[in-house]
């Protein structure tokens, strides 16, 4: 298998990150050097671009544009949330993928994404083997959620962790300055199932008076009574309270806090008020403790915060992409690149490999023991784990006081297949 | 009057900014050099600290700590939203202020804040004159809202403008990458009465396809019908739509969009949903156009974003503080320092002065003609005005991948007056 020659296709999938383009850059720059790879193509919008035969020639892009992927956030190739179903359920889709790959002599497929993308990649590998289309498929890890199994951490996490931490440091100083007016504050982070992102807020804390004073994640038990007690205690001690909370927090019965209406008092019109986690917690604090509370929901800005990305994360993201190509060139197929941590101080990692199927079926939650017993603050073990991931800053090209990001010119490959409508 | 000798008191008021500490730094560093000023004190939490006689000796702080004010966001002295009422209504408060000033031989008072703070400062000046306590009172402009009259712009605005612009650039790339899933996005900015902050989002835009595609401010007419038309048009052209909207947006009848319930469809439980402007606009887009929409509300993080502050803004903030002391040393009293723009390219300003009373009663809105006719995008005139204000970046001292901010040690002055309870 190691001798296969042909074109390489790179695609990005799922929610963007500040550094998924750095991974694409690693794939592209390494692939352009690889003799077995004849052309380097990009799929527009992940697997959707394959299904719709929207492919463009990355070899035709200015090398400087390609290099600027290192400093451009989000998915420059275009991304999607399209997941191929089981082979039996959507055979037509899989056959279409193969049709397009064959038509464009795609022999190397590099897919950057999370669990679902690794699942798609694994299926494409199986199908091409069944169909006798010799092909190498490699996964590149990507997720701000940091929830992929078999890897110490995921590219994308370090940068969102760094941005959340600095945001908490800065907004925390606001509450500290103006506690005579706004006494509490809640910052809601992304992380629907795992608490890694919210936990990163704890990196902001160098002394007990520093924000955040309380951190809540989906992995630890959360009750209204305990929450009110926590805030009351912190407020008594410091005269203010800054809270970081994961959007994925759940009540004891497993329902999402953000979706719970019973927790919300009715407004003056008799209507329940609905919002995210931050708004629910604000309401509880104001109802139960009468403390004026501010809330923040940074949304998409947090996962694309290139202007404060972690240099470590960015460089590792590039490495993951480049390593996927090196492995592929050596004949490896059906694996995702992983990181194995050799040491915390000085921080050192090496790359490894995990089977696509295994990654697809795994999920790595924040270990419960990395939260304190009360479930309201990450432990030192978490800090030791996360600290190296946020080290260093990325210098961005700048114009008029703001960064300059790249866009591909997208020289489309001529379509060779029939049109196909994606369901 | 120019010969008065005694102590100087510096205080911060209102909502914090990334650079209000830089202004305090300018006051302190200049005051420490001034021979007429014998001691430099800080009021804890603005005028509240005066009323409660909570003053500390800044001269006793490490000069390095003082210098780190330049790179520390929010109000390190502590701030408040306490406004002294009319002299007739709260004579006791004014007499208390004078009592504390006399007890600590405060002869120079520097107050950094917005309209309300200038109002307080003006009243203190009048009262001390009436009471025969010779005193110099100077205002230092501070507000992210950029709504102070008599000055070209306000320290604090350039930094929030820069942060909003980069946030829109970055989150805009998310919508561009993932428009097959999330088609629209709304970022809500601060600015309760003036649209300066939301308008700054337009700095992110270098070409028509760049975010933001639509910008809404309180100064321009806004209707549901027009909004739906705008989003439909942008979506047809680009397949996505990124919107920046001021929290202070109003409907034609003058009511706040954020507080309007009639604009909101009922949810499946028959309850009206309530949120900020971003949530209202999201709901309208989803109801009327069926386009999946994300929203963001950065809250306190935007006004404290030191990690991406404008160097121009930071340096001018320091200058405003230092200039207030230089003017005071020359005998000027009862004025706020202003900026007068000499040229856009190359950008050049000089300082000026405005009477405290005049600033207190003025408010500078975004000129209507700096928005296009449709009221959905700032014009080039606004860009030319705002661009120089966001130039340059501030280098922060760093530890463990995050900035290091200062705190005063606060050596309290011994209390000399009776206790006083603030109402």
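The values are calculated or read from the model by the stated rules, or taken from the named source; none is laboratory data. Just so you know, these numbers come straight off a predicted model, no measurement behind them. Every residue, glycine as well, gets a Cβ built from its backbone with ideal geometry; the counts of neighbours run over all protein chains shown.
Within region B:365-388, the set of residues being within 14 Å of chain A (Cβ to nearest Cβ) and more than 21 Å from the chain's Cα centre (by Cα) comprises just one member, B:380. The residues on offer are A:171, A:161, and the sole one that is farther than 23 Å from residue B:80 by Cβ and crowded, with 24+ Cβ neighbours inside 10 Å is A:161. Is it the case, given these coordinates, that residue A:226 is more than 23 Å from the chain's Cα centre (by Cα) and either free of Cβ contacts under 8 Å to residues at least 24 places away in the same chain or part of a helix (DSSP H, G or I) (or both)? Spelling it out, residue A:226 is indeed more than 23 Å from the chain's Cα centre (by Cα) and either free of Cβ contacts under 8 Å to residues at least 24 places away in the same chain or part of a helix (DSSP H, G or I) (or both). Of everything listed in (1) assigned to a helix (DSSP H, G or I); (2) free of Cβ contacts under 8 Å to residues at least 24 places away in the same chain; (3) within 14 Å of another protein chain (Cβ to nearest Cβ), the single unmet condition for residue A:173 is (2).
Whether a residue is part of a helix (DSSP H, G or I), touching a residue at least 60 places away in the same chain (Cβ under 8 Å) and in contact with a strand residue (DSSP E or B) (Cβ under 9 Å, 6 or more places away or on another chain) was assessed, and residue A:122 passes this test.
The number of residues in region B:60-77 that are more than 22 Å from the chain's Cα centre (by Cα), assigned to a helix (DSSP H, G or I) and surrounded by 19 or more Cβ atoms within 10 Å (Cβ to Cβ) comes to 0. Does residue B:243 satisfy the condition of being more than 11 Å from every other protein chain (Cβ to nearest Cβ) and over 22 Å from residue A:308 (Cβ atoms)? Yes; evaluated as a whole, the condition is true for this residue. For region B:373-405, filtered to residues that are without any contact (Cβ under 8 Å) to a residue 24 or more places away in the chain and over 28 Å from residue B:348 (Cβ atoms), the residue that is surrounded by the most Cβ atoms within 10 Å (Cβ to Cβ) is B:401. So is residue A:408 within 14 Å of another protein chain (Cβ to nearest Cβ) and surrounded by 17 or more Cβ atoms within 10 Å (Cβ to Cβ) or not? Considered against the rule, which asks whether it is within 14 Å of another protein chain (Cβ to nearest Cβ) and surrounded by 17 or more Cβ atoms within 10 Å (Cβ to Cβ), residue A:408 comes out as yes.
Filtering region A:133-149 to residues that are within 16 Å of the chain's Cα centre (by Cα) and either within 13 Å of another protein chain (Cβ to nearest Cβ) or surrounded by fewer than 24 Cβ atoms within 10 Å (Cβ to Cβ) (or both) leaves A:142, A:144, A:147, A:149. I'd like to know if region B:130-143 contains one or more residues that are in a helix (DSSP H, G or I) and touching a helix residue (DSSP H, G or I) at 6+ places or on another chain (Cβ under 8 Å). Scanning region B:130-143 turns up no residue that is in a helix (DSSP H, G or I) and touching a helix residue (DSSP H, G or I) at 6+ places or on another chain (Cβ under 8 Å). For residue B:402, the stated conditions do not hold, so it cannot be described as under 26 Å from residue B:118 (Cα atoms) and within 14 Å of chain A (Cβ to nearest Cβ).
May I ask you to verify whether residue A:257 is away from chain B (no Cβ under 14 Å), without any contact (Cβ under 8 Å) to a residue 40 or more places away in the chain, crowded, with 18+ Cβ neighbours inside 10 Å and in contact with a helix residue (DSSP H, G or I) (Cβ under 9 Å, 6 or more places away or on another chain)? In short, yes. The set of residues in region A:301-321 that are more than 11 Å from chain B (Cβ to nearest Cβ) and touching a strand residue (DSSP E or B) at 6+ places or on another chain (Cβ under 9 Å) comprises A:316, A:317, A:319, A:320, A:321. Of the residues making up region B:275-300, those that are surrounded by fewer than 21 Cβ atoms within 10 Å (Cβ to Cβ) and away from chain A (no Cβ under 11 Å) are B:284, B:286, B:287, B:288, B:289, B:290, B:291.
Table: residues versus (1) modelled with pLDDT of 95 or more; (2) within 14 Å of chain A (Cβ to nearest Cβ).
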position	(1), (2)
B:3	no, no
B:16	yes, yes
B:25	yes, no
B:37	yes, no
B:42	yes, yes
B:59	yes, no
B:73	yes, yes
B:85	no, no
B:92	no, no
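Of the residues making up region A:23-59, those that are in a loop (DSSP other than H, G, I, E, B) and in contact with a helix residue (DSSP H, G or I) (Cβ under 7 Å, 6 or more places away or on another chain) are A:34, A:36, A:53.
Residue B:324 meets all of the listed conditions (1) modelled with pLDDT of 95 or more; (2) closer than 17 Å to residue B:158 by Cα but one, namely (2).
The residues of region B:280-299 that are without any contact (Cβ under 8 Å) to a residue 60 or more places away in the chain and in a helix (DSSP H, G or I), listed by number, are B:280, B:283, B:286, B:287. Taking residue B:354 as the residue in question, decide whether it is at pLDDT 95 or above, part of a helix (DSSP H, G or I) and buried (at least 18 other Cβ atoms within 10 Å of the Cβ). Judged against the criteria, residue B:354 is not a match. Only one entry in A:182, A:230 is surrounded by fewer than 22 Cβ atoms within 10 Å (Cβ to Cβ), touching a strand residue (DSSP E or B) at 6+ places or on another chain (Cβ under 8 Å) and either at positive phi or away from chain B (no Cβ under 11 Å) (or both), namely A:230.
Of all the criteria given as (1) assigned to a helix (DSSP H, G or I); (2) more than 19 Å from the chain's Cα centre (by Cα), the one not satisfied by residue B:164 is (2). The set of residues in region B:176-197 being out of contact with any helix residue (DSSP H, G or I) (no Cβ under 7 Å at 6 or more places or on another chain) and without any contact (Cβ under 8 Å) to a residue 40 or more places away in the chain consists of B:177, B:178.
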